[in-house]
Amino acid sequence: MRILVVNPNTTRHMTDKIGAAARRVASPGTEILAVNPKEGPAAIEGYYDEAMCVPGLLEIIRGTVDFDAVVIACFDDTGLDAARCLTDRPVIGIGEAAYHMASMLSNRFSVVTTLARSVPALEHNLTRYGLAARCARVRASDVPVLELERPGSDACGRISAEVGRAIAEDRAEAIVLGCAGMADFAASLSAEHGLPVIDGVVAAVALCEAMVRLNLQTSRRGGYAPPVAARDETRAAAT
């Protein structure tokens, strides 16, 4: 099995960290291909950055032939619906994966993300996925995305403090880490605070493996039907 893990931003070090997290949870025989676009924003911190990185994300998926599933490794689930139009193979966003796993492990969970400007997009997604009622609160730690990559940063300590506030103030029973760059922190935060702390990267990889083993595919009917240009290219190739 080969899973394409796409970090939609252009920060290679973050892509490498995401790939390492994915490989730690992947089953023997599962190959992880972690990639990022060559052009676009270095970090995704709000609606504008999301829009700017979608073309590069879709180009990677369009140009990669040999994969069984795709993980979109941005917690905003950037370009998720558009990506599902390009392939019938499973495409999983790390935000959606983490939210669903948290809802099956707890009655109520809180999300700890990076900056306040990212909160509305995550709240919007929770409503779309029908999980807003299960989420106590989306919290900003005020840690910029690229701060997660800086050696010697106190990012983990600041995120831990926000987790503590979520437990005390939100009565959260589980925590979802709201950025792919936080993948390294999940295990230590779970041990420190004594509750499930869910990283979307590993959640998405596990779901991809399950879907591939069950031979499940993205529907080609309705909203995820291939775009007209893709249908025309398929017909031309067949003739």
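The values are calculated or read from the model by the stated rules, or taken from the named source; none is laboratory data. Just so it is clear, the model here is predicted, and its values are computed rather than measured. Note: ideal-geometry Cβ built from the backbone for every residue, glycine included; neighbour counts use all protein chains shown. In case anyone asks, the SASA skips ligands and DNA or RNA and just uses the protein heavy atoms, side chains included. Shrake-Rupley method; radii C 1.70, N 1.55, O 1.52, S 1.80 Å.
Placing +1 on the Cβ of every Lys and Arg and -1 on the Cβ of every Asp and Glu, with no other charges, gives the chain a dipole of roughly 540 debye about its Cα centre. Got the relative contact order for the chain handy, in percent, Cα pairs under 8 Å and 6 or more residues apart? Relative contact order of the chain: 23 percent. With an a/c value of 1.5 or above and a/b not larger than b/c for the gyration tensor axes a ≥ b ≥ c computed over the alpha-carbon atoms, region 54-125 is described as oblate. Mind giving me the FRET efficiency for Asp66 and Ala133? R0 is 41 Å, r the Cβ-Cβ distance, nearest 0.05 is fine. Efficiency, rounded to the nearest 0.05: 0.55. Just want the answer: with Cβ charges of +1 for Lys and Arg and -1 for Asp and Glu, which residue in Thr11, Pro196, Thr114 is farthest toward the dipole's positive end in the chain? Of Thr11, Pro196, Thr114, it is Pro196. Residues whose amide H comes within less than 5 Å of that of Val138, counting only those at least five positions distant or on another chain, are Val111 (H built at 1.01 Å from N in the peptide plane). Local charge for Ile92 was computed over the other residues whose Cβ lies under 11 Å away, with Lys and Arg +1 and Asp and Glu -1, and equals -1.
Can you tell me how region 85-239 classifies by the Cα gyration tensor, rounded, prolate or oblate, using a/c under 1.5 as the rounded cut? It comes out prolate by the Cα gyration axes.
Solvent-accessible area of region 80-156 (1.4 angstrom probe, protein heavy atoms only): carbon and sulfur portion equals 51 percent.
With the whole protein complex present, Tyr129 retains an accessible surface near 40 Å², based on a 1.4 Å probe. When Lys38, Lys17 are compared by accessible surface with a 1.4 Å probe, the order from highest to lowest is Lys38, Lys17. Listed values for region 135-141 are Karplus-derived 3J(HN,Hα) couplings in whole Hz (6.51 cos²θ - 1.76 cosθ + 1.60, θ = phi - 60°), namely 9, 5, 5, 9, 10, 9, 8, and x replaces Gly and Pro. Measuring r between the beta carbons of Arg213 and Asp88 and using R0 = 22 Å, the FRET efficiency lands at 0.85. Accessible surface computed residue by residue for region 1-124, with neighbouring protein chains in place and a 1.4 Å probe, gives 40 Å² per residue.
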